[in-house]
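Each remark here refers to the structure printed beneath this line.
Nothing in this text is a laboratory measurement; each read-out follows from the coordinates by a stated rule. Being a predicted model, the structure only gives us computed values, none of them experimental. Reconstructed Cβ throughout: ideal geometry from the backbone, glycine too, with neighbour counts over all protein chains shown.
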Amino acid sequence: METIDKNYWEKRWENKQTGWDTGSITTPLKNYFDQLSNKNISILIPGCGNAYEAEYLFEQKFKNTYIIDIAPQALTSFSTRVPHFPASQLICDDFFNHQGQYDLIVEQTFFCALDPAQREAYIQKMHALLKPTGKLIGLLFNIPLNTEHPPFGGNKNEYEKQFSPYFNFKYFDLCYNSIKPRANNELFIVLEKR
């Protein structure tokens, strides 16, 4: 398997191999964000890509939204599209190096982009980055995708085993409002830090 690192993702951006890019915020995340009333919460979107979620949150006046990606081109693309987004809230780094404390972390095709051998480290890092009673929310693929390259899939049973030592499951079920290309293949998660 090819090493999935900064060079891998930069090459994907350069070659316009961004199949994960939906072109806008997806319905499940938009609907979840629309239910949030506290605009002061701190939000992190790791492996943000084009970060349509951050753009939407920023437009809705969630001013404490931070995005992180290992690929500089992801952040360049975002800041070109959303020039008023604070530069100090754009983080170009490896997620696993990041330090901070957040009320909410948004999962959108980041988990499936990581080598499955990193899943335990991902879960532990998410737990560490969340404030007490902080939540990890978003979408996980509920299908086998690839074994040699991203996107990597999985299923509800394996995710439950992996996440349950660190999180309480507030919601964890098949997503009813996925975008059409992902219909019946996603789980919506709301996991609260233990």
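Computed quantities for the displayed model
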{"read-out": "For segment 64-69, 3J(HN,Hα) per residue [Karplus equation, 6.51 cos²θ - 1.76 cosθ + 1.60, θ = phi - 60°, Hz, x = Gly/Pro]", "value": "9, 9, 10, 10, 9, 8"}
{"read-out": "For Arg194, distant residues with modelled amide H under 5 Å away", "value": "Phe167, Asn168"}
{"read-out": "Sequence ranges 96-103, 70-77, ranked by mean other-Cβ count within 10 angstrom, highest first", "value": "70-77, 96-103"}
{"read-out": "Long-range HN-HN contacts of Ile105 with modeled amide H, under 5 Å", "value": "Leu44, Lys135, Leu136, Ile137"}
{"read-out": "Contact order normalised by residue count of segment 6-193, Cα under 8 Å, 6+ apart, percent", "value": "19"}
{"read-out": "Listed peptides 47-54, 166-173 by packing density, highest first (mean Cβ within 10 Å)", "value": "47-54, 166-173"}
{"read-out": "Cut-off under 5 Å, modelled amide H: who pairs with Asn142 long-range", "value": "Glu186, Leu187"}
{"read-out": "Proxy reagent accessibility, fewest Cβ within 10 Å first, across Ser42, Ser37, Ser24", "value": "Ser37, Ser24, Ser42"}
{"read-out": "Gained length - Glu120 relative to Leu174, 0.36 nm times residue gap less alpha-carbon distance", "value": "17.2 nm"}
{"read-out": "Local net charge near Asn64, Cβ-Cβ under 9 Å (Lys/Arg +1, Asp/Glu -1)", "value": "+1"}
{"read-out": "Charge tally in the Cβ shell below 10 Å around Phe78, where Lys, Arg are +1 and Asp, Glu are -1, Phe78 excluded", "value": "-1"}
{"read-out": "Long pairs among Lys63/Lys135; Lys61/Lys135; Lys131/Lys161; Lys61/Lys156; Lys161/Lys193, criterion Cα-Cα beyond 26 Å", "value": "Lys61/Lys156"}
{"read-out": "Cα principal axis extents for the chain, largest first, Å", "value": "42, 40, 34"}
{"read-out": "Estimated 222 nm signal from helices in the chain, with DSSP H stretches of n ≥ 4 weighted -39500 (n - 2.57), rounded to 500", "value": "-7500 deg cm²/dmol"}
